[in-house]
């Protein structure tokens, strides 16, 4: 059965259902030559379900999921902040998601 808008809030696939009540978007500026290494490192972090290289004011965009703000602080201070090549990080809370990637079986 495909997900519908009405079934989504009660879905066991939402971060909130799994206990992640703090969702954030990260924009990172990376030192030249370090983009691949930083992207690969972030992809290995269980807190990060999405990471991508981008252009513009930042070089990497990522989404983070945390149980609470203390866990986010620890992640910023001890994990992302200590990665070689990370020059700066901008963080913004995700207050409400309107759409999340869903799966719908192909119709023939």
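What residues of segment 36-68 lie in the reach of a label at residue 94, counting those whose backbone N is under 12 Å from a point 7 Å from the Cα along Cα→Cβ?
48-51, 62-66
As an exercise, find the ratio Rg/Rh for segment 32-78 from alpha-carbon atoms, using the Kirkwood inverse-distance average for Rh.
Dividing the radius of gyration by the Kirkwood radius yields 1.00.
Read-outs: derived from the displayed coordinates by stated rules, not from any lab. All values derive from a computational prediction rather than experimental measurement. Reconstructed Cβ throughout: ideal geometry from the backbone, glycine too, with neighbour counts over all protein chains shown.
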